[in-house]
Amino acid sequence: MMANLPSVFDASEKNHINMSEQFYFKNQTGLKEIHYFVRKFEFNDSVIIRMKHYNYTITKGYEEMCMMEFAFLDSIGSQAIQLEVLPVLGRFSLICNEDIYRSVRYPRIDPEYYYEFVIIFSNIDILVFHNEVHIINMKNCSNRITDINRFKHSSYDVLKFEAVVEIQTTTSRIPGNWHIVKPISLNQKIILDYFPGTKNIITIVVGDRNGIPAITVTIDYIKGILYTKRDIVDDENIQCINFRNSQQFKQPMLGRIEIGVFTYRFKVDMKVEKSGLKSHMEGCMIYGHHLCPYDIEQTIIDAKSDAVFFAHYIETA
């Protein structure tokens, strides 16, 4: 029932949203297209789309007419990329043009009639995730990303449709060189959202203005181990989290790392599971460091080319 479905608004992420780039739709159905202008996209931008509906109407032989779609357009209204959901057929599609598209059938959704998508517009791929699990990617249209400055929405034959579209803030976008020059003050943490790609080994170095590391976090997707290493203090990597038996290791899903800075310690947390709408984090404390915590001013990320780091936030730990 619609009353039992979750809200399309995620209260846990409200501090990460620019309200001027959050768009809400309710009970808008029919073939009418609604256009919205947004800032011009850049590589590593991302969009979150959450939607739900009560049910749908079916006309035999016209199952494809029951649909929900979100298309991203350039300044003259030409389509760059489109996400299409066909609930009767149980199919998601990513469409570049009539001749270039990718489709995937999805199993029964829990909760039923509720969908959460993340689209990452990276410079090598456009990637789509449903409930944080990677479902589709497309290279063909990535050259159109920086042309996008609007989107349109339409739906047909879905009952009590409701949706929200959230455009990633410019301040949270991770630079293309994966080098974030921002101070992390005492009792703050940096949050990094990413897709690990295939069997990657990712390193994240948090250090001072001169690039001297305070702590290095290594996420080994071959072994399923997260390690930490404090410069000068540790001679080798120290195991922090074993995530080999987790969803994060077994499925191609979005990742999140949080590194907190305190007076005498660091705290590292990693998202290891996504159950329904709830994420489960695991972490460890690392006591003692050689730098004054007020000196930490940059974060440097390294990984193979199929990994994508797309968003970061600095907030109270």
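A few points about this structure:
- Across every pair of non-identical alpha carbons in region 167-317, the mean reciprocal distance, once inverted, gives a Kirkwood radius of 15.5 Å.
- Karplus (6.51, -1.76, 1.60) ³J(HN,Hα), θ = phi - 60°, over region 297-307, in Hz, Gly and Pro reported as x: 9, 8, 10, 10, 10, 9, 5, 5, 5, 8, 7
- Amide H contacts under 5 Å for LYS160: TYR54, restricted to partners 5 or more places along the chain or on a different chain, H placed in the peptide plane at 1.01 Å from N.
- Under 5 Å between amide hydrogens, built in the peptide plane, is the criterion, and for ASP208 it picks out ALA214, GLU297 among residues at least 5 positions away or on other chains.
- Segment GLU64-GLU112, extension gain: residue separation times 0.36 nm, minus the distance between their alpha carbons: 15.4 nm
- Cut-off under 5 Å, modelled amide H: who pairs with ARG150 long-range: VAL38, LEU73
- Each Cα pair under 8 Å and six or more residues apart adds its sequence gap; the mean of these over the residue count of region 174-316 is a relative contact order of 38 percent.
- Under Karplus coefficients 6.51, -1.76 and 1.60, residue-wise ³J(HN,Hα) of region 179-190 in Hz, glycine/proline x: 10, 9, 9, 8, x, 10, 6, 4, 6, 10, 9, 9
- Distance histogram in 10 Å bins (all Cα pairs of the chain, percent per bin): 6, 26, 32, 22, 11, 3, 0
- Among VAL133, VAL233, VAL88, residue whose mean-square fluctuation peaks in a GNM of the chain (springs only between Cα atoms under 10 Å): VAL233
- Taking only the C-alpha atoms of region 167-218, Rg followed by Dmax gives 12.5, 34 Å.
- Applying the Karplus relation 6.51 cos²θ - 1.76 cosθ + 1.60 with θ = phi - 60° to region 231-246 yields 3J(HN,Hα) values of 4, 6, 6, 9, 7, 8, 5, 10, 5, 10, 9, 9, 10, 4, 9, 9 Hz, where x marks Gly and Pro.
Coordinate-derived values only; no laboratory data. Everything numeric in this text was worked out from a predicted model, so none of it was measured.
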